[in-house]
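For reference, the structure is listed below as structure tokens.
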Amino acid sequence: MNIKETVFEVLLAIIPITALVSILQITVGKIPIEYFLNFIGASVMVFIGLVLFLVGVKVGFLPIGEMIGSAVVSKGNLWIVLSVGFILGFVVTIAEPDVQVLAMQVDTVSAGKISKGIIVISIALGVGTFVAMALLRIFLRIPIAYLLIVGYVCVFILAVFTPPEFLAVSFDAGAVTTGPMTVPFILAMGVGVASVVGRDKGGRGDSFGLVALASVGPIIAVLIMGILFR
């Protein structure tokens, strides 16, 4: 693995926002110097953290995800594959930092009426369920367009019966599941499954689309939760 390439990627992500804030500080100058120095220090820590995180993802998450995907398929039991997919999707989503931030914000805004734990569990259940469905799609060779259409039709139907505040949160829930923890692992597992299944069915490209399907799950899960909390 090329660490220099990872460092360069992180620099490209951090330098623009750091430069913009610095320019605003010089030209507008309305940011208290204490906050600005905290921002600079935080930018350095974010840089170091992201480099270490991405190195860990490339060294550990991606290889082990692909190996797990290919290993469970080699067992020859579809239910094992779907169960592992659900469990991994559920667990990785709980560990996703973006999901934790969203859940904390919802908890704060609702004054504890919608607890952080309920939001996290609902999103994780949605992701886990749709990861299992995405893996099933690889075996059955169902075109991804069909599942996406059905999924979003369900979203629009549920949206009619869901309170407006839950509608907004539901789409945010779909977005936060495409974070740095969930995406690498789910994609790698999909590649592992498709690499084994594809040798027999010629569908190694079916590993793509897992994240798109997985992001529909939490939207539906939060919409259903909104109907129950109504």
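Listed here are the residues, each with its yes/no results for (1) among the basic types (K, R); (2) within 14 Å of P218 (Cα to Cα).
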residue: F130; (1), (2): no, yes
residue: R141; (1), (2): yes, no
residue: V160; (1), (2): no, no
residue: P164; (1), (2): no, no
residue: T177; (1), (2): no, yes
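Please pick out the residue among V21, V46 that is under 30 Å from F185 (Cβ atoms), at pLDDT 85 or above and surrounded by 13 or more Cβ atoms within 10 Å (Cβ to Cβ).
Values: V21 fails: under 30 Å from F185 (Cβ atoms).
Within the list V21, V46, the selection yields V46.
Here is a list of conditions, (1) surrounded by fewer than 11 Cβ atoms within 10 Å (Cβ to Cβ); (2) among the aliphatic types (A, V, I, L, M); (3) within 25 Å of I123 (Cα to Cα), and A103 meets all of them except one; can you say which number that is?
(1)
Looking at (1) modelled with pLDDT of 90 or more; (2) open to solvent by 40 Å² or more (accessible area, probe 1.4 Å), which is the one condition that is false for V120?
All conditions are met except number (2).
If we keep just the residues of region 55-96 that are part of a helix (DSSP H, G or I) and among the polar types (S, T, N, Q), which is farthest from G190 (Cα to Cα)?
Looking at the filtered set, the residue picked out is T93.
Among I219, I186, I224, which is the only one that is at pLDDT below 85, aliphatic (A, V, I, L, M) and within 30 Å of T162 (Cα to Cα)?
I186
All but one of (1) outside any helix (DSSP H, G or I); (2) touching a helix residue (DSSP H, G or I) at 6+ places or on another chain (Cβ under 6 Å) hold for G112; state the number of the condition that does not hold.
Going through (1) outside any helix (DSSP H, G or I); (2) touching a helix residue (DSSP H, G or I) at 6+ places or on another chain (Cβ under 6 Å) one by one, G112 breaks only (2).
With out of contact with any strand residue (DSSP E or B) (no Cβ under 9 Å at 6 or more places or on another chain), among the hydrophobic types (A, V, I, L, M, F, W, C) and without any contact (Cβ under 8 Å) to a residue 12 or more places away in the chain as the only criterion, which of V109, V127, V131, V99 stands out?
On the way: V127 fails: without any contact (Cβ under 8 Å) to a residue 12 or more places away in the chain; V131 fails: without any contact (Cβ under 8 Å) to a residue 12 or more places away in the chain; V99 fails: without any contact (Cβ under 8 Å) to a residue 12 or more places away in the chain.
The conditions single out V109.
Quick check on this structure: which one of A42, A71, A19 is small (G, A, S) and touching a residue at least 12 places away in the same chain (Cβ under 8 Å)? Show your work before the answer.
Numbers: A42 fails: touching a residue at least 12 places away in the same chain (Cβ under 8 Å); A19 fails: touching a residue at least 12 places away in the same chain (Cβ under 8 Å).
That would be A71, the only listed residue that is small (G, A, S) and touching a residue at least 12 places away in the same chain (Cβ under 8 Å).
Select from region 24-43 the residues that are among the hydroxyl-bearing types (S, T, Y) and out of contact with any helix residue (DSSP H, G or I) (no Cβ under 8 Å at 6 or more places or on another chain) and write down the one among them that is most open to solvent (accessible area, probe 1.4 Å). If you could, list the steps in order and put the result at the bottom.
The first filter runs over region 24-43 and keeps only residues among the hydroxyl-bearing types (S, T, Y), leaving 27, 35, 43.
Remaining after also requiring out of contact with any helix residue (DSSP H, G or I) (no Cβ under 8 Å at 6 or more places or on another chain): 27, 35.
Numbers: T27: 98, Y35: 148 Å².
Ranking the candidates gives Y35 first.
The values are calculated or read from the model by the stated rules, or taken from the named source; none is laboratory data. Note that the structure is a prediction, hence the values are computed from the model and not measured. Glycine gets a Cβ as well: all are built from the backbone with ideal geometry, and neighbour counts include every protein chain shown. The protein model used for the area step is the full one, side chains on, heavy atoms only, and it has no ligands, DNA or RNA in it. Shrake-Rupley method; radii C 1.70, N 1.55, O 1.52, S 1.80 Å.
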